[in-house]
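Data first, discussion second: the structure below is written as C-alpha coordinates.
The values are calculated or read from the model by the stated rules, or taken from the named source; none is laboratory data. A quick note: this is a predicted structure, and the numbers were derived from the prediction, not measured. Please note: Cβ atoms are built from the backbone with ideal geometry, for glycine as well, and neighbour counts cover all protein chains shown. The area values use the complete protein model at the heavy-atom level, side chains included, leaving out ligands, DNA and RNA. Shrake-Rupley method; radii C 1.70, N 1.55, O 1.52, S 1.80 Å.
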Amino acid sequence: MNITNMATWKKKNRVDEKTKVFIVKGGYGDIKRALKQRGWVQNKDSDSCCFDLKWVLKTKDIDTNNLLDH
(Lines give C-alpha, C1' and ligand atoms only; values in the text may rest on other atoms or scores of the structure.)
Protein backbone atom coordinates (compact mmCIF):
# COMPACT_ATOMS: atom_id res chain seq x y z
CA MET A 1 0.00 0.00 0.00
CA ASN A 2 1.50 3.31 -1.11
CA ILE A 3 0.67 5.92 1.56
CA THR A 4 0.73 9.48 0.24
CA ASN A 5 -0.48 11.29 3.37
CA MET A 6 2.04 12.10 6.12
CA ALA A 7 -0.53 11.90 8.94
CA THR A 8 -1.64 8.46 7.75
CA TRP A 9 1.97 7.29 7.45
CA LYS A 10 2.76 8.49 10.98
CA LYS A 11 -0.35 6.82 12.40
CA LYS A 12 0.40 3.52 10.63
CA ASN A 13 4.00 3.59 11.87
CA ARG A 14 3.09 4.75 15.40
CA VAL A 15 5.02 8.01 15.07
CA ASP A 16 3.97 11.12 17.01
CA GLU A 17 2.47 13.79 14.75
CA LYS A 18 5.16 16.33 15.75
CA THR A 19 8.09 14.01 14.96
CA LYS A 20 10.11 14.77 11.84
CA VAL A 21 10.57 12.02 9.23
CA PHE A 22 13.55 11.52 6.96
CA ILE A 23 14.59 9.35 4.03
CA VAL A 24 18.25 8.73 3.25
CA LYS A 25 19.00 6.94 -0.02
CA GLY A 26 22.43 5.36 -0.03
CA GLY A 27 24.85 4.78 2.83
CA TYR A 28 25.26 8.03 4.75
CA GLY A 29 25.28 6.26 8.13
CA ASP A 30 26.53 9.38 9.92
CA ILE A 31 23.58 11.43 8.67
CA LYS A 32 21.10 8.72 9.69
CA ARG A 33 22.60 8.46 13.18
CA ALA A 34 22.68 12.24 13.65
CA LEU A 35 19.03 12.63 12.68
CA LYS A 36 17.94 9.72 14.90
CA GLN A 37 19.86 11.24 17.83
CA ARG A 38 17.85 14.42 17.30
CA GLY A 39 14.55 12.52 17.49
CA TRP A 40 13.83 12.10 13.80
CA VAL A 41 12.32 8.85 12.48
CA GLN A 42 13.50 7.13 9.31
CA ASN A 43 11.08 6.18 6.54
CA LYS A 44 12.92 3.28 4.93
CA ASP A 45 10.84 3.42 1.74
CA SER A 46 13.10 5.55 -0.47
CA ASP A 47 10.26 6.02 -3.00
CA SER A 48 7.78 7.31 -0.41
CA CYS A 49 6.54 10.89 -0.57
CA CYS A 50 6.16 11.00 3.23
CA PHE A 51 9.18 12.84 4.61
CA ASP A 52 10.35 16.17 5.99
CA LEU A 53 13.90 15.66 4.70
CA LYS A 54 15.16 13.45 1.89
CA TRP A 55 18.92 13.04 1.43
CA VAL A 56 20.02 11.55 -1.90
CA LEU A 57 23.08 11.56 -4.11
CA LYS A 58 21.23 12.42 -7.32
CA THR A 59 18.38 14.93 -7.69
CA LYS A 60 16.61 12.51 -10.04
CA ASP A 61 15.92 10.39 -6.96
CA ILE A 62 13.42 13.02 -5.75
CA ASP A 63 10.04 13.17 -7.49
CA THR A 64 9.70 16.95 -7.35
CA ASN A 65 6.34 16.87 -9.16
CA ASN A 66 4.72 15.00 -6.27
CA LEU A 67 6.18 16.66 -3.17
CA LEU A 68 3.65 17.06 -0.36
CA ASP A 69 2.91 20.47 1.11
CA HIS A 70 2.80 20.24 4.90
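Values for this structure:
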{"quantity": "Top-ranked residue of the range 49-67 - restricted to ones that are surrounded by 12 or more Cβ atoms within 10 Å (Cβ to Cβ) and at pLDDT below 90, ranked as farthest from Asp16 (Cα to Cα)", "calculated": "Asp61"}
{"quantity": "Residues satisfying the stated conditions in the range 1-18, i.e. over 19 Å from Trp55 (Cβ atoms) and open to solvent by less than 50 Å² (accessible area, probe 1.4 Å)", "calculated": "Ile3, Lys10"}
{"quantity": "Meets criteria (of a type in the set (Asp, Glu) and without any contact (Cβ under 8 Å) to a residue 12 or more places away in the chain) for Asp16", "calculated": "yes"}
{"quantity": "Residue that is least open to solvent (accessible area, probe 1.4 Å), among those in the range 19-39 that are part of a loop (DSSP other than H, G, I, E, B) and either closer than 20 Å to Thr4 by Cβ or among the acidic types (Asp, Glu) (or both)", "calculated": "Thr19"}
